[in-house]
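Worksheet for the structure shown next.
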There are 2 protein chains.
Amino acid sequence: MKKKQIKEHLIKNIVIIGAGNVGYHLIDKFFRKGIPICQVYSRSKTKTNRIEKKFSLDTVNRLGEVTSSADLYIVAVKDDAIPVVAKKLSKAIGKNKLVAHTSGSVPVTVFKPFFKKYGVFYPLQTLSTERKVSFDRIPVCVDSNSEKNLKKLMRLAKKISKNVHHINDEQRAVLHVAAVFVSNFTNYMYTIGESILSAENLSFELLRPLILETAKKIKTGSPKQMQTGPAIRGDRKTIEKQLLYLEKYPDYQMLYDMITKEIQK
Amino acid sequence: MKKKQIKEHLIKNIVIIGAGNVGYHLIDKFFRKGIPICQVYSRSKTKTNRIEKKFSLDTVNRLGEVTSSADLYIVAVKDDAIPVVAKKLSKAIGKNKLVAHTSGSVPVTVFKPFFKKYGVFYPLQTLSTERKVSFDRIPVCVDSNSEKNLKKLMRLAKKISKNVHHINDEQRAVLHVAAVFVSNFTNYMYTIGESILSAENLSFELLRPLILETAKKIKTGSPKQMQTGPAIRGDRKTIEKQLLYLEKYPDYQMLYDMITKEIQK
């Protein structure tokens, strides 16, 4: 009896739908962990060629050709494309297969019209195909419409990461908003730094060590306690001088003023 | 002749004025590199006790007691305190000593009323006494009112960092503005992420890997090219959903809206 239970939670064969940044990294990680991928779909031949060359995996460029012999289908396509892809996929493989998407903001129920068993397999990270990342510590947020399939997906996630969490739709949406602030908006702060320096022919290299250390500083601590700079010091002279300098960049000046006031609240 | 020139550029004995975050790290780095520090001043006895214990250095708590036997006095105090400290210091050691401050936004000429030889020794980094940093790659921005003393300071800086630059007042002010964006404001983005998650009882741990990877991603590339997220994708659905969620945080909502629009420009 116990043996049977464990067996039930084993995913033996995966199809990855989509070979963009997230799809590519999942393929790479499953492949290196020896987790069998039986097929990869991407409508882009460039991408499937790359996958074939690198991992010697079977690939297809049409959803109608996706095999129905897998235990799990991971849909790693753009948010808007998920319902369209799900519909086509259910025609190819039937309604009884377990399907999961990798999105931060799409509810798990997106699959309800097309499948009986579905879930989410969302790696909370900024992934670029060109950049290797150590998956072991990436939080993988898992959800499903059934306890049994949740367990299956958790088990799979734990094979590629030590940081696996059951996160429901609402929590995942909140995480995604927070991720936009700490990653997308932070990267935009870097872009402002770069643009200010380049206007004065100063190299962005000068800021790289600072950027890295700012992130490393909160590896353990709370960012609130790590806040430094003129705003938190209440250094009005410096703030006024910097606002004056930013006159030539009205947008940056407005942002500077707003964030400074926020920090001081 | 050549030998004499080299000798002239050697700083043999340093006094550090101030044992806050910057002062402490300079002491630590000079000490470990075997660069002689003859005295440390801090008005705080807690701080001088700590320095005495850790580095067995001579310390004083009054500026009037600072020795006049050093070649260089590094003033690592708060921006506003620099002129006050400089005035008292000149009374103790005379006008003929080389003095440098460590500030990003104070002009080198702050010393002009009190000293004949002066400069800047500005490590562009976010330093906390509690956190060890590898100084080797920290940009040290050096300036002086004379070519000879500029060389002296550059030579000293090169002993503790591989990343030494001659940066004038205007450039340093620009660097400091850029540093506020990429470090202080970035840290504030982390704080927003933390505050949003904690309101929903989600652990900030979930964001740490993302934060670190976002910084690491631009170790080589340009942040402009690394921009990801709903704003740059033009993913209106997600943006609207997230703005709606942020209704309960009007300040964050305003910032979200503003930065999103900036990214899309």
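Pop the C-beta distance of A:Lys54 and B:Lys53 into the FRET formula with R0 = 45 Å and round what comes out to the nearest 0.05.
Values: r = 56 Å, r/R0 = 1.25.
Computed FRET efficiency for A:Lys54 and B:Lys53: 0.20.
Which of B:Arg131, B:Arg172 comes first, and how do the rest follow, when ranked by fewest Cβ neighbours within 10 Å?
On the way: B:Arg131 16, B:Arg172 23.
Result, fewest neighbours first: B:Arg131, B:Arg172.
Can you list, shortest first and in nm, the gaps between the label point of A:Gly221 and those of its counterparts in the other copies, using a point 7 Å from Cα in the C-beta direction?
Nearest to farthest, the other copies are at 3.0 nm.
Check which residues have an amide H placed less than 5 Å from B:Ser144's amide H, if you skip close sequence neighbours.
Here B:Val120 satisfy the definition.
Taking A:Asn49 in one copy and the same position in all the others, each labelled 7 Å out along Cα→Cβ, what are the pairwise distances from the first, in nm, shortest first?
7.2
For A:Leu72, which sequence-distant residues (separation of 5 or more, or a different chain) have an amide H within less than 5 Å of its own amide H, given hydrogens modelled in the peptide plane?
A:Asn13, A:Val15
Report ³J(HN,Hα) in whole Hz for each residue of segment A:110-122, in order, from the Karplus equation J = 6.51 cos²θ - 1.76 cosθ + 1.60 where θ = phi - 60°; Gly and Pro get x.
Rounded to whole hertz, the list is 3, 8, 3, x, 10, 9, 8, 10, 8, x, 10, 9, 10.
Distances in nm, one decimal, shortest first, from A:Pro113 to the same residue in every other copy, taking the label point 7 angstrom along Cα→Cβ.
Those label-point separations list as 7.5 nm.
Within straight cross-link reach of A:Lys87, meaning Cα distance under 16 Å, which lysines are found once same-chain residues fewer than 8 apart are removed?
The qualifying lysines are A:Lys78, A:Lys95, A:Lys97, A:Lys112, A:Lys116, A:Lys117.
For the protein assembly as shown, what is Rg from Cα atoms divided by 2.2 N^0.38 Å, rounded to two decimals?
Values: Rg = 27.9 Å, N = 530, 2.2 N^0.38 = 23.9 Å.
Normalised Rg, Cα atoms only: 1.17.
Can you work out which chain B residue has the shortest Cβ-to-axis distance for the rotation that carries B onto A, and give it in Å?
Closest to the rotation axis on chain B: B:Ala215, 2.
For chain A, what is the relative contact order in percent, using Cα pairs closer than 8 Å and at least 6 residues apart in sequence? Write down the numbers at each step before the final one.
Details: 375 pairs, mean separation 33.2, N = 265.
That works out to 13 percent.
What residue among B:Lys97, B:Lys116, B:Lys237 shows peak mean-square fluctuation when chain B is described by a Gaussian network model with Cα springs under 10 Å?
Among B:Lys97, B:Lys116, B:Lys237, the largest GNM mean-square fluctuation belongs to B:Lys237.
To the nearest 500 deg cm²/dmol, what mean residue ellipticity at 222 nm is calculated for chain A from DSSP H runs of n ≥ 4 alone, each contributing -39,500 (n - 2.57), summed and divided by the residues?
Details: 12 runs with 123 residues, N = 265.
Computed ellipticity for chain A at 222 nm equals -13500 deg cm²/dmol.
At a Förster distance of 35 Å, what's the computed FRET efficiency of B:Lys78 paired with B:Lys216, Cβ-Cβ distance as r, to 0.05? Working shown, then result.
Details: r = 32 Å, r/R0 = 0.92.
Once the sixth-power term is evaluated, E becomes 0.65.
Which longest run of chain A has no exposed loop site in it, a site being GluC sites (Glu not before Pro) in a DSSP loop with at most 14 other beta carbons within 10 Å, and the site itself not part of the run? Show your work: numbers first, answer last.
Numbers: sites that count: A:Glu130, A:Glu200.
Counting at most 14 other Cβ atoms within 10 Å as exposed, the longest clean stretch of chain A is A:1-129.
Could you tell me which of the pairs A:Lys29/A:Lys53; A:Lys217/B:Lys241; B:Lys151/B:Lys224 are separated by over 28 angstrom between their Cα atoms in the structure shown?
Numbers: A:Lys29/A:Lys53 16 Å; A:Lys217/B:Lys241 31 Å; B:Lys151/B:Lys224 36 Å.
Violating the 28 Å Cα-Cα cut-off are A:Lys217/B:Lys241; B:Lys151/B:Lys224.
Read-outs: derived from the displayed coordinates by stated rules, not from any lab. Because the structure is predicted, anything quoted here is derived from the model rather than measured. Backbone-built Cβ (ideal geometry, glycine too); neighbour counts: all protein chains shown.
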